1. Which of the residues spanning segment A:59-97 are β-branched (Val, Ile, Thr) and more than 30 Å from B:GLY97 (Cβ to Cβ)?
2. All but one of (1) closer than 19 Å to A:GLU193 by Cβ; (2) among the aliphatic types (A, V, I, L, M); (3) surrounded by fewer than 23 Cβ atoms within 10 Å (Cβ to Cβ) hold for A:VAL372; state the number of the condition that does not hold.
3. For segment B:300-312: of the residues being open to solvent by 10 Å² or more (accessible area, probe 1.4 Å) and not basic (Lys, Arg), which is farthest from the other protein chains (Cβ to nearest Cβ)?
4. Considering only residues that are β-branched (Val, Ile, Thr) and crowded, with 19+ Cβ neighbours inside 10 Å, look in segment B:346-361 and name the one that is farthest from B:SER203 (Cα to Cα).
5. Only one of A:THR232, A:THR205, A:THR164, A:THR182 is within 11 Å of chain C (Cβ to nearest Cβ), surrounded by fewer than 20 Cβ atoms within 10 Å (Cβ to Cβ) and closer than 27 Å to A:GLY273 by Cβ. Can you tell me which?
6. For A:ARG237, are the conditions met, namely being among the basic types (Lys, Arg) and within 11 Å of chain C (Cβ to nearest Cβ)?
7. What residue, of C:GLY118, C:GLY97, C:GLY113, C:GLY142, is on the phi > 0 side of the Ramachandran plot and open to solvent by 40 Å² or more (accessible area, probe 1.4 Å)?
8. Just need a number here: residues in segment C:161-189 that are over 25 Å from B:GLY312 (Cα atoms), at pLDDT 95 or above and of a type in the set (Val, Ile, Thr).
Amino acid sequence: MAAIPHELLNVDLGIHDTKHHLSDTRNEASISMKRLMGGLSEGVDVVTFTNGRLTLQVLPTRGMGIWKGEIDGIPLQWHSPVERPVHPAFVDPMRRGGIGWLDGFNELICRCGLGWHGAPGTDRILDESGNVVSEQFLPLHGRIANLPAHRVVGTVDADFLQLTGYVDEASMFGGRLQLESTLKSAANSTEFEIVDVVTNRGSQTAEVEMLYHCNIGEPFLDAGSMCHTASTELAPRDAHAAQDMSMWNVYHGPTAGYSEQVYFTKAASDGQGLGVGVLTNAESSLAFCVRFDTSTLPWFVLWKNTQARNDGYVTGLEPGSSFPNVREVERRSGRVISLAPGASVTFRLSFEVATDKSRVHQILEEVTALQVATPRTTHATPKPEWSAH
Amino acid sequence: MAAIPHELLNVDLGIHDTKHHLSDTRNEASISMKRLMGGLSEGVDVVTFTNGRLTLQVLPTRGMGIWKGEIDGIPLQWHSPVERPVHPAFVDPMRRGGIGWLDGFNELICRCGLGWHGAPGTDRILDESGNVVSEQFLPLHGRIANLPAHRVVGTVDADFLQLTGYVDEASMFGGRLQLESTLKSAANSTEFEIVDVVTNRGSQTAEVEMLYHCNIGEPFLDAGSMCHTASTELAPRDAHAAQDMSMWNVYHGPTAGYSEQVYFTKAASDGQGLGVGVLTNAESSLAFCVRFDTSTLPWFVLWKNTQARNDGYVTGLEPGSSFPNVREVERRSGRVISLAPGASVTFRLSFEVATDKSRVHQILEEVTALQVATPRTTHATPKPEWSAH
Amino acid sequence: MAAIPHELLNVDLGIHDTKHHLSDTRNEASISMKRLMGGLSEGVDVVTFTNGRLTLQVLPTRGMGIWKGEIDGIPLQWHSPVERPVHPAFVDPMRRGGIGWLDGFNELICRCGLGWHGAPGTDRILDESGNVVSEQFLPLHGRIANLPAHRVVGTVDADFLQLTGYVDEASMFGGRLQLESTLKSAANSTEFEIVDVVTNRGSQTAEVEMLYHCNIGEPFLDAGSMCHTASTELAPRDAHAAQDMSMWNVYHGPTAGYSEQVYFTKAASDGQGLGVGVLTNAESSLAFCVRFDTSTLPWFVLWKNTQARNDGYVTGLEPGSSFPNVREVERRSGRVISLAPGASVTFRLSFEVATDKSRVHQILEEVTALQVATPRTTHATPKPEWSAH
């Protein structure tokens, strides 16, 4: 009696190969790569990025998304009904009327973009007289999360480590964007940084939309959790979100049948031009914090999805270059980035995880100070320029 | 002069690895796994499951379907125009108006399900007033045949062998079903058994439909072959099938241009709650028999497809939890399984292959006795509750 | 400090394996196979076919297309926005309204076919009274470029080398075509030959359309390049092409915003039944020449796409069994091949690359002689039988 060890999800296929393992003898930091086997994960590469305290599992095969992490033994993750990383070959974005993207959705941080993100729908290009010049159905959240990096390079030295991946989003007669994505962290830090450069390598002006879908579950999210963010303007996405405006940034515990509620904000900027969003647990002993450069990520979306654990108990803190509406709405409102041939746009985000009350307290004081300094207009109902269809 | 050995379809990539080969010194039974290379089969895992007399080739990569088998040197298979196992990455269910599933169809036994099966079409969910709440296009025969198992475990001991695979059919906002599929056989037996447990791992009630597409060609199928089954009710699927009601269970030889004919039945149950379907060759010297638990598989569909050999000369004996109509039809008629959160449904089937006339005779007597004990209503034309569109 | 060598695109995975390397000690010719890793190229096999002077990179994974080549240090290629060979698992032909094929388009020579090629659109089969019997949406350029060969065999001896690949294009209820594709070259030759046999392995009559999309960029294409071809009839595809009839076979340099122009011709045949198309650079020092058997490839299409370099500066010389309109148009005009069960059709093409002025001059004299011998009708506007929609 014996078992065929086909459950190979955690088998390392190259971790003992020095070419796939980088480390520095002066600290505990390292970068290594393995390839998953079995099920929908077959062929997915995972890079384990550890600064000695904080560990992140990066997925080059899924557009350099960050699957999950861990700090001080505390998991940074959520539990999607899709339990394992899904190889893009198994994702058909056109499934379910254009929301097939959800078949592979389970990351801590995944990008929506590059050419578009947001709800599926028909994008019509109009001429000056308002006639339809061309139209194209754009499925949910774009291509980037299902495009593999063709090049990944890592660096580990005494003080810090860094991982860069290159992902092409191109097609003949369909644009030529490239993402150069860099993940950085200092040794033993509680922080990490993402610097993404998107370049238009084609000869025609290109449209770019980017949204960072940063998704956190327990233990950061629980009944009584709050999202702290500073904004100059706040509105519910739709009537369903409007019903709970008074509790817009407070969370329920896992609730079977809860239907997602989404809030749109214009982020306030601090002296360095940074916006901020923080999720704290009810006890305020844990915080997951994202700071983002508002010069290219002026909008911050809060996705509340406190469904039952088995359906995905999670919230999304989502800095974006635009709102996740169909691109036509965003274009009309001037929120789509227009990149000249050869031009680039850089998106900068830094993340901090606080695991003790005093640091959580400091972070919340920072957010409060920023909000106090910047008056906020709150809309009780959806703002037409933000939510039009 | 030499050849590049790229024709690697039959190359074993792990069969000599003891981790991928299970056997017991006390018998000839074994379970081993290899991976196919080349063409559309690249990356498809095949588990060879042999009880010493009966051999089955199982495809973990294709939802634990059974590609083909052999007993006493007699092949259990049919010849599809699709000649080799197809990796799901090459199957687009939306192709050809939603029948892309057929691009990978060539198994002896393949599952249609889990969330739905049957003809492609739009599934509309209605509220109590009959208004459309949501609608979704569902392509032919569901997802399960194109989802790979993420875990496969085998056992071989002196008396019997067993193989279990786990397949997830899940999506964010799209349900969370899991198939635990077990294949069993006693050493040197002419029988094998399938026990499939489908569990709703989500927190919302889920719909389940399952159909076992058991497909047999020559030498079991020939001119004058018959399908013997006991049923309480029988109807042609459509007008084309109705034309040949008097010959509904008798087969032609390979016939170029034959257009498939399908018959729907409600299976009769024996004292143990089992239904039965048997294909015999014209000589009644060979029989392929399926028995199935009618508590969860109450329906039995006969698919006659006696096309020319090159187009796929085959018949399907298909126990189902529902008929292969669009799900909306099945829901309206109350044939869709509703699984509460955490609940499971078990599908049980046992197969027997008889290769001598005396055993064939015994099996047919069993079927006759059951049919005699349970009167049958035969409809000359399609039954509206079964075939409505 | 060290780099993870994930940029593995040029890593050979089997080239040192004698089973994957064929050579003959009497010359410099060889055939070898490697597998690409990383990005969208993961899993793509590349066969390097070298006759000692001319090298071609063949892609069994992409229907035996020829990615690129080199002769005397001069590249035979173009630069698509899609920079690397794309595994078919990453190509969804239904994307962008049915032009997803373009996501993987970057070859020197790629086949469009086998069952259809040309513009995406609905193909309606009509009965004799003109009623629609069936209809199916057919995406751009068919399936063959995204189907992997399941068998590849090579031969190298003292005088010549040859590579044959077998690709199935089949589906249950969807036809059963097979391509047997052979690439041949003599040692140290400036020529190579393609012999493609397409066989209908089903039992029903099958339709076949084939187009050889031969795509060349710099240095063969430059400002002042010309396409020389002999034809009996010439017409612009559409009004946009008609605008520049006087310059129909003369090329611009890279031009940002240039919109493709396409010209349709009926090829003239020489004494051996061959048609010819030649691209020369402005200086007439380089020529890329294709000769083709007009008995099965009677049409020659010129695709001018002198966009900016970054968008794909390229022209296509395209011998075809039909024009690249939707199949319904081609059927109506009698240009679709009808293959009886078991029947085959053979497509023959030979290519020559000239790298000195004297040989270029000889080739152009051959084309001129053929054109002079066969009067040409030139249409200033689209010919309805060729361009109807």
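The values are calculated or read from the model by the stated rules, or taken from the named source; none is laboratory data. What you are looking at is a predicted structure, and each value in this text was computed from that prediction instead of being measured. All Cβ positions, even for glycine, are placed from backbone atoms using ideal geometry, and neighbour counts span all protein chains on display. These area figures cover heavy atoms from the full protein model, side chains too; ligands, DNA and RNA do not enter into them. Shrake-Rupley method; radii C 1.70, N 1.55, O 1.52, S 1.80 Å.
1. A:THR61, A:ILE66, A:ILE71, A:ILE74 - these are the residues of segment A:59-97 that are β-branched (Val, Ile, Thr) and more than 30 Å from B:GLY97 (Cβ to Cβ).
2. So A:VAL372 meets the others, but not (1).
3. Step by step, filter segment B:300-312, then rank; the result is B:TRP303.
4. Filtering segment B:346-361 for residues β-branched (Val, Ile, Thr) gives B:346, B:353, B:355, B:360.
With crowded, with 19+ Cβ neighbours inside 10 Å added as a condition, the list becomes B:353, B:360.
Details: B:VAL353: 41, B:VAL360: 47 Å.
Of everything passing the filter in segment B:346-361, B:VAL360 is farthest from B:SER203 (Cα to Cα).
5. Working: A:THR232 fails: within 11 Å of chain C (Cβ to nearest Cβ); A:THR164 fails: surrounded by fewer than 20 Cβ atoms within 10 Å (Cβ to Cβ); A:THR182 fails: within 11 Å of chain C (Cβ to nearest Cβ).
Residue meeting the stated conditions: A:THR205.
6. On the way: among the basic types (Lys, Arg): yes; within 11 Å of chain C (Cβ to nearest Cβ): no.
Against the criterion (among the basic types (Lys, Arg) and within 11 Å of chain C (Cβ to nearest Cβ)), A:ARG237 does not qualify.
7. C:GLY97
8. The qualifying residues number 1.
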